[in-house]
Amino acid sequence: MFSSVRSLGLTGLEGYEVLVECYLSNGLPSFDVVGLPDAAVKEARDRVRAAVKNCGFSFPVSRITLNLAPAGTRKSGTMYDLPILLGILSAAGALRLPGEPAAFLGELSLEGRLRPVPGVLPMALAAAENGIRALYVPAENAAEATLAEGLAVYPVRDVAQLAAHLGGGEPIAPQPPWTPGTQAGPELDYADVKGQSNGKRALEIAAAGGHNVLLIGPPGSGKSMLAKRLPSILPDMTREEALEVTKIHSVLGLLPADAPLITRRPFRSPHHTISTAGLAGGGSVPRPGEISLAHRGVLFLDELPEFRKDTLEILRQPLEDGVVTISRVSGSLSYPSGLMLVCAMNPCKCGWYGDPSGRCTCSQASVDSYLGRISGPLLDRIDIIVEIPALPFADLTVAAPAEPSADIKARVDAARRRQQGRFGADGVRCNAAMGPAELREYCRLDEGASALMKSAFERLRMTARSYDRVLKVARTVADLAGSDQVGAQHVAEAVQYRTFRFGSRDG
């Protein structure tokens, strides 16, 4: 007796179809699972056997062979519990599978209840692409699965409910498509930040163009306060971007059941003790790290020099390519890393180097050593370096609130609309992502701007990469000013964000 049940698997962030083939034959009772199953899939034998008996069915006394096709792809996870159970019951003639193209996934408890599994969104998207019209998932995953359009999603609580539905008894109502409700405004607002107009301006430019930022200043000057409010002025995510971000969180099982679609740009702030695998991703089965969790959002690294040097150097390739590749013996997986990097640091170990109060106790050698923890190649990938000085008493006692995030966001949105009109729907997303062709076409300098750039290039000893990044920032400054031409004033503002001296080196 033979049956086959369609299911789905996961490789990285992409789903693929899996066919669970079940064959019952004569011989000594056994239960074998083939098709490169991992330990979690092999353990499904015990969960399925208990669930079948506890749901009132008879477990067949036969030689059971289960094949997970394609057999050459390693299968991992517990999502195959339900299709394995259905394959056995169908082959034994105890259950009838639906006639329409349908797929099943879910983890089983020993009593036959379905438990949620991670990665349902990418698997649901793969189901729709493969012509599957009905998808049966655990009830907790149903809202997430409806984000894949073109599917009838059936929320299943337990095996008994599913058996009644398939047997023509009480039907399961399809899950209605999930729609986001009204979200409260951001809790953090730039209206709370006193002073620091230069830092706010730098972050406004960064948000408008998607640029990387480094904030340098003494303790308590407001670096973290400024950075944590950056998401409140970033442009709203498109549905395509929201699905990209949601897939990453879905694979890691980080989605709340009541809000399966992430509609706000992520803000990730890992501690400086994070490992290289925690930042870039890794594991025996490679999983996304903080770099990918910050995709389409912000990765904030506070106390930048306190991070391990090898951990920081991992950032160089993902920042340049927008993707991080993790290679293991079993294969390589690539995860997206289209993020804004925002860093904060003190100018020295005690934190007060250069402060007018003169309270810094560090020697010049100590300052150079501290700043030297940040490598030149990493600094070269940061577009904007801005000093955040300690606030004077007069700024702290101002009673009037500062400019709110909503006003800043309106200017950022206007600048992004200019970029979208310039690049087109299929072009780059923002100025920071411009390539050589876009730089040549959209960042032409007039005579005055060119002379200023030449002087800055020689005086600051820029590299070709930092030269391009200054041009991109100047293009964003022009966009905020509503100018089609990059002028000398725009270049001058962009250059000032490259003038911080890192010890004996130039920024």
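The values are calculated or read from the model by the stated rules, or taken from the named source; none is laboratory data. These numbers were taken from a predicted model, which means no experiment stands behind them. Here Cβ is always computed from backbone atoms with ideal geometry, including for glycine, and neighbour counts include all displayed protein chains. Just the protein is used for accessible areas: all its heavy atoms, side chains included, with ligands, DNA and RNA removed. Shrake-Rupley method; radii C 1.70, N 1.55, O 1.52, S 1.80 Å.
Could you tell me which numbered condition residue 239 fails, if it satisfies all but one of (1) in contact with a helix residue (DSSP H, G or I) (Cβ under 8 Å, 6 or more places away or on another chain); (2) within 27 Å of residue 435 (Cα to Cα)?
Just one mismatch for residue 239, condition (1).
Could you grab the pairs with beta carbons closer than 8 Å, sequence gap of 6+ or different chains, first residue in region 315-342 and part of a strand (DSSP E or B), second one of a type in the set (S, T, N, Q) and open to solvent by less than 30 Å² (accessible area, probe 1.4 Å)?
Taking only residues 6 or more apart or on different chains, the pairs are 323/337; 324/292; 324/337; 335/292; 336/292; 340/212; 341/212; 342/212.
Could you say which residue among 133, 74 is within 36 Å of the chain's Cα centre (by Cα), open to solvent by 40 Å² or more (accessible area, probe 1.4 Å) and in contact (Cβ under 8 Å) with a residue 40 or more places away in the chain?
After ruling out the rest, the residue left standing is 74.
Out of the helices (runs of 4 or more DSSP H) lying entirely within region 1-93, which hold 1 or more residues that are of a type in the set (Lys, Arg)?
Numbers: elements: 39-42, 44-54, 81-91.
It comes to 39-42, 44-54.
When you scan region 219-284 for helices (runs of 4 or more DSSP H) that lie fully inside it, which ones turn up with 2 or more residues that are surrounded by fewer than 15 Cβ atoms within 10 Å (Cβ to Cβ)? So that I can check it myself, show each step before the final result.
Details: elements: 223-228, 239-251, 276-280.
Qualifying helices (runs of 4 or more DSSP H): 239-251.
Can you name every residue in region 136-195 that is open to solvent by 60 Å² or more (accessible area, probe 1.4 Å), under 30 Å from residue 207 (Cβ atoms) and among the aliphatic types (A, V, I, L, M)?
Selection gives 184, 188.
Under the condition of being at pLDDT below 95 and within 27 Å of residue 320 (Cβ to Cβ), which residue from region 387-415 is least open to solvent (accessible area, probe 1.4 Å)?
388
Looking at residue 432, is it open to solvent by 40 Å² or more (accessible area, probe 1.4 Å), hydrophobic (A, V, I, L, M, F, W, C), closer than 30 Å to residue 240 by Cα and under 25 Å from the mean Cα position of the chain (by Cα)?
Numbers: open to solvent by 40 Å² or more (accessible area, probe 1.4 Å): no; hydrophobic (A, V, I, L, M, F, W, C): yes; closer than 30 Å to residue 240 by Cα: yes; under 25 Å from the mean Cα position of the chain (by Cα): yes.
Taking the combined requirement at face value, the residue does not satisfy it.
If residue 323 satisfies all but one of (1) at pLDDT 95 or above; (2) of a type in the set (A, V, I, L, M); (3) more than 24 Å from residue 224 (Cβ to Cβ), what's the number of the condition it fails?
Among (1) at pLDDT 95 or above; (2) of a type in the set (A, V, I, L, M); (3) more than 24 Å from residue 224 (Cβ to Cβ), the lone unmet condition for residue 323 is (1).
Does residue 477 count as buried (at least 16 other Cβ atoms within 10 Å of the Cβ), modelled with pLDDT of 95 or more, within 26 Å of the chain's Cα centre (by Cα) and closer than 24 Å to residue 340 by Cβ?
Details: buried (at least 16 other Cβ atoms within 10 Å of the Cβ): yes; modelled with pLDDT of 95 or more: yes; within 26 Å of the chain's Cα centre (by Cα): no; closer than 24 Å to residue 340 by Cβ: yes.
No: the conditions fail for residue 477.
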